[in-house]
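Input: a single structure, listed below in structure tokens.
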Amino acid sequence: TQRDFSEQTLKNFAFNIGGDVVELPAGMMGFAAGVEYRYHEGSFRPDPIAASGETAGIPSGATAGGFDVTEFYGELNIPLIAGATLADLLEVNIAARQSDYSTSGSKSTYKTSALWRPIDQLSLRGSFSTGFRAPGIGELFGGAAREDFTFLDPCADYEGTEGTAAGGRDAAQPANIQANCATLGVNPGLLQSNPQLSSLSTGNDQLQPEESDNVTFGVVYSPAWSEGVSWSDGITLSVDYYDVQITDAVQGISPSELITACVNTLDPLFCVNTPRTSSGQLDTVQNKLQNIGSIDASGLDIMFSYLSPETRAGNFSLNFNATYLDEYKETTNNPDGTQTVVDRTGTHPQEVFSRAFPEWRALTSLDWSRNRWTGSLRIRWVDEMIMASGNTLDSVAFTDLRFSYNPSWASDALTFTLGFNNVLDEDPPVCDSCGSRNMSAVVHDLPGRVGYIGVTYQQQ
């Protein structure tokens, strides 16, 4: 019987104050401020059998560590104009926070945002903010965990004499790759002994915090003609643009990219983490989390909602939420001062660090209520992606169904729920870059239909 032990502790002390502080011509100015202290501590100790890899074949590493943080913060909400022509409302929000981490030092962040409602049916909003994220316990102190991945060593049969049928390649590698492989001590006819290679990922207590600059702006439209009519009680449409630029991003580099970088450059920074056996075969790739450089991401969030009037069958609402990823670029700083830029948009990398970047995702829900009954039908859709192998990971939709009942004899305190996730039993598409699971656990459901029942009691 395998017995793992884990413990997490969070101690939190906070003081907050807020309210209206002064009346302006356009309304009351709101104020909020506070101070907070948090202490995080966590540990994980695997069963000795699991630590040796004798259970699932993948060793599990121990983790232990902790840190504390003290933060001060304040916010003002300032109404500037109200009830004017082309300015039904104009308000500005200003916020600031000072954070002091025992592991990552001190940093100040701030946010400014504005809301302009030229007419009561239309709102325009925008914000600019800075971000600061200190590494967590797992990122700082995480023990070694092995992951297997499928990849052809660039130095395997680098002269192209054996052919793919024999586990080699049909064409020779470029001359510089051949020369670098020879320098690494690899014989020309080396065949990779196993199509699967192993990587060991670990935390890194030298990680620096991530910082970011974030810009958003959008529009919300709620037309008056959609309210109180025979077919509608209201329609709302919103579109928001976001642009996030993260520096010192905490990320694990794909082990295949580490191997490729070593073979391409012979740089010790890469090659020390991609060791080889005396025969030239790749050994376990050593892959610590690190501050890779920067991430630039931008896209759109789209929302549509519809509320029906009351009917004999009940009330209905339709909600559609979608996000479009326009760009996701990772920039890695190289030791020679150059940078490597990889565009992840629309791709599914090898799942060593559980990441996926579909261009589109959407969630559509149809909700119903009548008397003491409620129901919900949800459709979760994920766009297709290009895998590390070059093949396409198909798009897929999962359907969820849920019903709830609130009996009158329980004075509205009791709710019974019955639901099914993936009620149509849709199988996730096959992912040939996801290791032995052959599916993406990042964006897709595990195979099978999941049913659940629940009882909730809440007394006001």
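The values are calculated or read from the model by the stated rules, or taken from the named source; none is laboratory data. The structure presented is a predicted model; accordingly, all values stated were derived computationally and were not measured. Here the Cβ is made from the backbone with ideal geometry for all residues, glycine too, and neighbour counts use every protein chain on show. Quick note on the areas: whole protein, heavy atoms, side chains included, nothing else; ligands and nucleic acids left out. Shrake-Rupley method; radii C 1.70, N 1.55, O 1.52, S 1.80 Å.
Summing charges over all other residues whose Cβ lies under 11 Å from the Cβ of D367, with Lys and Arg as +1 and Asp and Glu as -1, gives +2.
The spacing between segment 112-169 and segment 231-298, judged by their C-alpha centroids, is 5 Å. Across the accessible surface of segment 339-460, with the other protein chains kept in place and a 1.4 Å probe, carbon and sulfur atoms take up 52 percent.
Ordering N291, S279, L258 by the projection of their Cα atoms onto the charge dipole of segment 199-358, which places +1 on the Cβ of Lys and Arg and -1 on the Cβ of Asp and Glu, puts S279 at the extreme positive end. Look at where the Cα atoms of segment 1-76 and of segment 433-460 average out, and the two centres are 25 Å apart.
Dividing the summed helix terms, -39500 (n - 2.57) for each DSSP H run of n ≥ 4, by the number of residues in the chain produces a 222 nm estimate of -1500 deg cm²/dmol to the nearest 500. Per residue, the Cα convex hull of segment 292-404 amounts to 125 Å³. Computed 3J(HN,Hα) for segment 61-67, one whole-Hz value per residue from the Karplus formula 6.51 cos²θ - 1.76 cosθ + 1.60 where θ = phi - 60°, is x, 7, 9, 7, x, x, 7, glycine and proline marked x.
Note on segment 182-285: Rg/Rh from C-alpha atoms, Kirkwood Rh, equals 1.37. Counting only residues at least eight positions apart within a chain, or on another chain, the aspartates and glutamates with an alpha carbon under 15 Å from that of K11 are E36, E41, D68, E71. Each principal axis of the Cα cloud of segment 303-343 was evaluated for its coordinate range; sorted largest first, these ranges are 71, 12, 9 Å.
Relative to the longest principal Cα axis of the chain, at what angle does helix 255-265 sit, 0 to 90 degrees, rounded to 10? Value to nearest ten degrees: 50. Highest-first packing order for the peptide set 26-38, 245-257 is 245-257, 26-38, based on the mean count of other beta carbon atoms within 10 Å.
Relative to the globular-protein estimate of 2.2 N^0.38 Å, the Cα radius of gyration of segment 346-427 stands at 1.56. Net charge near G42: determine it from the other residues with C-beta under 15 Å of the C-beta of G42, scoring Lys and Arg +1 and Asp and Glu -1. With Lys, Arg at +1 and Asp, Glu at -1, the neighbours total -3. For the Cα trace of the chain, dividing Rg by the Kirkwood Rh returns an Rg/Rh value of 1.02. Each residue of segment 151-165 is assigned a 3J(HN,Hα), and the resulting list reads 6, 8, 4, x, 8, 6, 6, 5, 8, x, 9, 9, x, 5, 4 Hz, derived from the Karplus form 6.51 cos²θ - 1.76 cosθ + 1.60 (θ = phi - 60°), x at Gly and Pro.
So, with a 1.4 angstrom probe, what is the percent of accessible area on segment 112-168 that is carbon and sulfur? For segment 112-168, the apolar C and S fraction of the accessible surface comes to 57 percent. Highest mean packing first, where packing is the average number of other Cβ atoms within 10 Å per residue, the peptides 192-202, 274-284 line up as 192-202, 274-284. Between amide H atoms placed 1.01 Å from N, distances below 5 Å from E162 occur with R169, all of them 5 or more places distant or on a separate chain.
Each peptide in 14-23, 296-305 gets a packing score, the mean of other Cβ atoms within 10 Å over its residues, and the list from highest to lowest is 296-305, 14-23. State the Kirkwood hydrodynamic radius of segment 5-53 in Å, one decimal place, computed from all pairs of distinct Cα atoms. In segment 5-53 this quantity evaluates to 15.1 Å. When nucleic acids and ligands are ignored and a 1.4 Å probe is applied, L190 ends up with an accessible area of around 20 Å². When the Cα atoms of segment 379-460 are aligned to their principal axes, the ranges along those axes come out at 59, 21, 20 Å in descending order.
For the chain, the solvent-accessible area works out to 53 Å² per residue, with a probe of 1.4 Å and every protein chain left in place. Here the accessible area of segment 211-271 is 61 percent carbon and sulfur, with a 1.4 angstrom probe and all protein chains present.
Counting only Cα atoms, the size of segment 34-114 along its three principal axes is 73, 28, 15 Å, in decreasing order. Ordered by solvent-accessible area of protein heavy atoms (1.4 Å probe), largest first, the residues W225, W116, W368 come out as W225, W116, W368. Contact order for the chain, expressed relative to its length and based on alpha carbon pairs under 8 Å spaced 6+ residues apart, stands at 9 percent. In terms of overall dimensions, segment 135-235 has a Cα radius of gyration and Dmax of 27.5, 79 angstrom. If you wrap segment 1-160's Cα atoms in a convex hull and average its projection over all directions, what's the area in nm²? Projected over every direction and averaged, the Cα hull of segment 1-160 covers 18.2 nm². 3J(HN,Hα) couplings calculated from phi for segment 44-49 with the Karplus curve 6.51 cos²θ - 1.76 cosθ + 1.60 (θ = phi - 60°) are, in sequence order, 9, 10, x, 4, x, 5 Hz; Gly and Pro show x. Between E75 and W381, the contour length at 0.36 nm per residue exceeds the Cα-Cα span by 106.4 nm.
At the listed q of 0.25 Å⁻¹, the Debye profile of segment 228-334, built from one uniform point per Cα, gives log10 I(q)/I(0) equal to -1.24.
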